[in-house]
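Novice: One structure follows; several queries about it will come next.
Coordinate-derived values only; no laboratory data. Here the structure is a predicted model, which means the values were calculated and not measured. Cβ placement follows ideal geometry from the backbone for every residue including glycine, while neighbour counts extend to all protein chains displayed.
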Amino acid sequence: MTRLNREEAKRRIVQMMIDGGLDPDTEISERSLSERTGLGRTPIREALHDLARDGLIVIEPKRGSFVRRLGLDDVREIFEVRYPLEALAASLAAMRGPTPRLREIHHALSALDRDDLSPDETAVAKALGHELHNEIVKSARNGLLARQYSQVRLMIEVSLSLTERRETGRLNATIDEHLEISGAVLAGDPATAQAAMQRHLRAGHEIRLRILTDFPAMTLTTPPPEDPGH
């Protein structure tokens, strides 16, 4: 139960970061987080230490805990780690076969009517895409790779929230890239799966660097400025 509470505390704290409920550089109160999550202070404290290890929280002696600001250097480092890990995972997944859930995600993405996606369907497509990456790693069936990926997974999720609202017009391309990756895994084609994953990550890296370069003041809690003409 303690371990489950600790993981739930991590999940809720990260979601607060993504939703803008925790300001970067503002001290985090264990008591406040305990009240907001309904969880005890012990799992909150343990979760904060885990998030500090994952690079999302800064714990300063005699000052407290703070949410880290993520910027260009963080995004660069995240993708430098993602490239070899996820490309290898895609190759191994194709050799060893997809998880049942990865197969379901592939079919769900294939069934989307992308000419007329509602806001709810758009949110589903994005959620499926995020889940696809986790299932690729699971399909690799390599414990060491999975543990290394888990150390950066939360930072990946938080970093995505920095730019996701400005990635307009790329959803269809992203779905195509996800289908190419999962299709190669389902077909048992390691070389194609690895190359597709590398192209997908490269495209994501480039657009995020471009957004953060154009809007360097963006943080997890600052809404992006309106697009010109909208």
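Novice: What list do you get for H130, H205 if you sort them by fewest beta carbons within 10 Å?
Specialist: Final ranking by Cβ density, sparse to dense: H130, H205.
Novice: Which loop GluC sites (Glu not before Pro) in segment 49-138, with loop taken from DSSP, have no more than 12 other Cβ atoms within 10 angstrom of their Cβ?
Specialist: none
Novice: Please turn the phi angles of segment 82-93 into ³J(HN,Hα) values with the Karplus equation 6.51 cos²θ - 1.76 cosθ + 1.60 (θ = phi - 60°), one per residue in order, whole Hz, x for glycine and proline.
Specialist: Per-residue couplings from phi come out as 5, 3, x, 5, 6, 5, 5, 4, 5, 5, 5, 4 Hz.
Novice: Taking Cα atoms, how many degrees apart are the long axis of helix 100-110 and the longest axis of the chain, rounded to 10 and kept between 0 and 90?
Specialist: 70 degrees
Novice: Using θ = phi - 60° and the Karplus curve 6.51 cos²θ - 1.76 cosθ + 1.60, what whole-Hz ³J(HN,Hα) does each residue of segment 130-147 get, with Gly and Pro shown as x?
Specialist: 4, 5, 4, 4, 5, 6, 4, 5, 4, 5, 5, 6, 10, x, 5, 4, 4, 5
Novice: Something else now. Return the calculated 222 nm mean residue ellipticity for the chain, to the nearest 500 deg cm²/dmol, obtained by summing -39500 (n - 2.57) across DSSP H runs with n ≥ 4 and dividing by the residue count.
Specialist: That comes out to -23500 deg cm²/dmol.
Novice: Let me ask something else. Relative to the longest principal axis of the chain, what angle (0 to 90°, nearest 10) does the C-alpha long axis of helix 190-214 take?
Specialist: That works out to roughly 50 degrees.
Novice: Cα axis of helix 2-19 to longest principal axis of the chain: angle in degrees, 0 to 90, nearest 10?
Specialist: Helix 2-19 sits roughly 80 degrees off the main axis of the chain.
Novice: What lysines does K138 reach when the alpha-carbon gap must be under 25 Å and sequence neighbours fewer than 8 apart in one chain are set aside?
Specialist: Qualifying lysines at Cα under 25 Å: K10, K126.
Novice: Turning to a different aspect of this structure: Name the long-range amide H neighbours of I57: under 5 Å, sequence gap of 5 or more, or other chain; modelled H, no Pro or chain starts.
Specialist: Excluding prolines and chain starts, which carry no amide H, the hits are A52, R68.
Novice: Given the options S65, P43, L22, identify the residue whose Cα lies farthest towards the positive end of the charge dipole of segment 2-67 (+1 on Cβ of Lys, Arg; -1 on Cβ of Asp, Glu).
Specialist: P43
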